[in-house]
Amino acid sequence: MYFIKLCSQIKLKVCGLGRGCHQDSATQKFAAQLLFARNMKRIRLEKKLTHENVAEGAGLHPNYISSVERGERNLSIANIERIACALGVSMPELLSPTLI
């Protein structure tokens with residue numbers, strides 16, 4: 001089993017992928033969604049990109065990119081790959097809990 005330990009900033013503890021993933025019951029968001037959102041925003045800001053820049057590079061709508069960054073979307077693998085390419089990073093980098 002692969003476990004992702006999240007920072008206390010997100011206020012989620014551990015997600016065991018494949019069985020009983022931790023879900024924030026108040027918002028219905030999974031830990032992986034919030035981790036992806038946090039990393040995506042951090043990388044986008046580090047590279048001084050706008051939502052529009054990322055959206056254009058990924059072939060997605062800017063509103064979609066914004067909602068992904070807020071952790072409101074359950075992304076497909078294809079869209080994770082498109083966003084990673086637009087940001088110039090690997091897909092695992094967007095889900096890595098060690099990059100802060």
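Just to verify a result, which residue in the stretch 21-33, among those that are assigned to a loop (DSSP other than H, G, I, E, B) and at pLDDT 55 or above, is farthest from S96 (Cα to Cα)?
This residue is Q28.
Residue under question is L75, and the condition is that it be assigned to a helix (DSSP H, G or I) and under 20 Å from F30 (Cα atoms); does it hold?
Judged against the criteria, L75 is not a match.
Kindly provide the set of residues from the stretch 80-100 that are free of Cβ contacts under 8 Å to residues at least 40 places away in the same chain, surrounded by fewer than 16 Cβ atoms within 10 Å (Cβ to Cβ) and either within 12 Å of I43 (Cα to Cα) or among the hydrophobic types (A, V, I, L, M, F, W, C) (or both), ordered by number.
Of everything in the stretch 80-100, those that are free of Cβ contacts under 8 Å to residues at least 40 places away in the same chain, surrounded by fewer than 16 Cβ atoms within 10 Å (Cβ to Cβ) and either within 12 Å of I43 (Cα to Cα) or among the hydrophobic types (A, V, I, L, M, F, W, C) (or both) turn out to be C85, S90, M91.
What number of residues in the stretch 50-72 are assigned to a helix (DSSP H, G or I), over 11 Å from the mean Cα position of the chain (by Cα) and aliphatic (A, V, I, L, M)?
3
In the stretch 45-79, how many are in contact with a Ser or Thr (Cβ under 6 Å, 6 or more places away or on another chain) and in contact (Cβ under 8 Å) with a residue 24 or more places away in the chain?
Start the filter on the stretch 45-79 by keeping residues that are in contact with a Ser or Thr (Cβ under 6 Å, 6 or more places away or on another chain), which leaves 51, 73.
Among the residues that remain, those that are also in contact (Cβ under 8 Å) with a residue 24 or more places away in the chain are: 73.
The number of residues fulfilling the criteria is 1.
Looking at the stretch 34-75, which of its residues are modelled with pLDDT of 95 or more, surrounded by fewer than 18 Cβ atoms within 10 Å (Cβ to Cβ) and of a type in the set (S, T, N, Q)?
Matches in the stretch 34-75: T50, N53, N63, S66, S67.
The values are calculated or read from the model by the stated rules, or taken from the named source; none is laboratory data. Values in this document were obtained by computation on a predicted structure and should not be read as measured data. Positions of Cβ are generated from backbone atoms using ideal geometry, with glycine treated the same way; all protein chains shown enter the neighbour counts.
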